[in-house]
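**Q** Sending over a structure as structure tokens; questions will come in a sec.
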Amino acid sequence: MISKAHHELYSQLFSASVLAGIINESHLAGYRNSPIYLRNSIHVPLPAEALVDAMEAYFDVMKEESDPFVRAVLGHRLFGYIHPYFDGNGRMARFIMNAIFTTNGYPWLIIKVEDREEYLKTLEIASGEEDDIEPFANFIAQGLEKQSV
């Protein structure tokens with residue numbers, strides 16, 4: 001279950017970033033402890049003091065959702081919305097989404113460079129003032145369709 005393994009997964013995925021000097025080793029120890037801001041986004045992630053409760057709620061929602069497609073899309077969107085780490089939240093969100101997909105018979109979804117702008121736009125719609133996840137879910141569904149052909 002991702003709730004038990006997410007810190008370990010994060011640490012394993014981003015330990016090379018410590019070696020490269022991109023992030024501090026302390027950033028692998030747990031959730032961030034200060035505010036962060038997203039470039040080119042109106043969304044401001046939750047304050048650090050809200051992260052533990054938000055992540056508990058996140059894992060509860062993930063456990064309760066039975067449809068794997070919905071769980072994968074919602075899991076990606078909510079993880080990115082919460083933004084619990086200093087760096088790599090988008091990569092972790094995509095990893096979680098793909099882990100759910102592949103363990104439920106879907107292909108691994110690759111967001112291609114040429115689709116990045118649309119991907120970010122639909123995420124902004126999902127996390128911004130519009131709070132509409134439908135364009136993001138449609139983007140993901142279309143990506144899966146394209147890769148299945």
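Since every read-out is calculated from the coordinates, none of them should be taken as a lab result. All figures in this text were calculated on a predicted structure; none of them were measured in a lab. Virtual Cβ from ideal backbone geometry, glycine too; neighbours counted across all protein chains shown.
**Q** Checking the conditions here, which among Phe86, Phe79, Phe136 is touching a helix residue (DSSP H, G or I) at 6+ places or on another chain (Cβ under 8 Å), among the hydrophobic types (A, V, I, L, M, F, W, C) and surrounded by fewer than 19 Cβ atoms within 10 Å (Cβ to Cβ)? Working first, answer last.
**A** Values: Phe79 fails: surrounded by fewer than 19 Cβ atoms within 10 Å (Cβ to Cβ); Phe136 fails: surrounded by fewer than 19 Cβ atoms within 10 Å (Cβ to Cβ).
On inspection, the qualifying residue turns out to be Phe86.
**Q** Which of the residues belonging to the range 113-122 are surrounded by 13 or more Cβ atoms within 10 Å (Cβ to Cβ) and either in contact (Cβ under 8 Å) with a residue 60 or more places away in the chain or charged (D, E, K, R) (or both)? Before you say what the answer is, go through the steps one by one.
**A** Going through the range 113-122, the residues surrounded by 13 or more Cβ atoms within 10 Å (Cβ to Cβ) turn out to be 115, 118-122.
Residues satisfying the conditions are Asp115, Glu118, Leu120, Lys121.
**Q** Moving on. Which residue, of Ser66, Ser41, is out of contact with any helix residue (DSSP H, G or I) (no Cβ under 9 Å at 6 or more places or on another chain), within 23 Å of Ile140 (Cα to Cα) and surrounded by fewer than 18 Cβ atoms within 10 Å (Cβ to Cβ)? Working first, answer last.
**A** Numbers: Ser41 fails: out of contact with any helix residue (DSSP H, G or I) (no Cβ under 9 Å at 6 or more places or on another chain).
Going through Ser66, Ser41 in turn, just one is out of contact with any helix residue (DSSP H, G or I) (no Cβ under 9 Å at 6 or more places or on another chain), within 23 Å of Ile140 (Cα to Cα) and surrounded by fewer than 18 Cβ atoms within 10 Å (Cβ to Cβ): Ser66.
**Q** May I pose another question? I need a count of the residues in the range 4-40 that are touching a residue at least 60 places away in the same chain (Cβ under 8 Å) and under 15 Å from the mean Cα position of the chain (by Cα).
**A** Residues that pass the stated criteria total 5.
**Q** Here are the criteria: (1) surrounded by fewer than 16 Cβ atoms within 10 Å (Cβ to Cβ); (2) without any contact (Cβ under 8 Å) to a residue 40 or more places away in the chain; (3) more than 15 Å from the chain's Cα centre (by Cα). Tell me which single one Val61 does not satisfy.
**A** The one condition Val61 does not meet is (3).
**Q** Something else: Among the helices (runs of 4 or more DSSP H) contained in the range 49-149, which hold 1 or more residues that are within 25 Å of Ser17 (Cβ to Cβ)?
**A** Once the helices (runs of 4 or more DSSP H) in the range 49-149 are filtered for at least 1 residues that are within 25 Å of Ser17 (Cβ to Cβ), what remains is 51-64, 68-82, 89-102, 116-127.
**Q** Among (1) farther than 22 Å from Leu13 by Cα; (2) crowded, with 18+ Cβ neighbours inside 10 Å, there is one condition Ala72 misses while meeting the rest; what is its number?
**A** With respect to (1) farther than 22 Å from Leu13 by Cα; (2) crowded, with 18+ Cβ neighbours inside 10 Å, Ala72 is out only on (1).
**Q** Does the range 112-126 contain at least one residue that is within 17 Å of Tyr10 (Cα to Cα) and touching a helix residue (DSSP H, G or I) at 6+ places or on another chain (Cβ under 6 Å)? Full working, then the answer.
**A** Of the residues in the range 112-126, the ones within 17 Å of Tyr10 (Cα to Cα) are none.
No, every residue in the range 112-126 fails to be within 17 Å of Tyr10 (Cα to Cα) and touching a helix residue (DSSP H, G or I) at 6+ places or on another chain (Cβ under 6 Å).
**Q** Just give me the residues in the range 79-117 being farther than 24 Å from Ile36 by Cβ and among the acidic types (Asp, Glu), in sequence order.
**A** Of everything in the range 79-117, those that are farther than 24 Å from Ile36 by Cβ and among the acidic types (Asp, Glu) turn out to be Glu114, Asp115.
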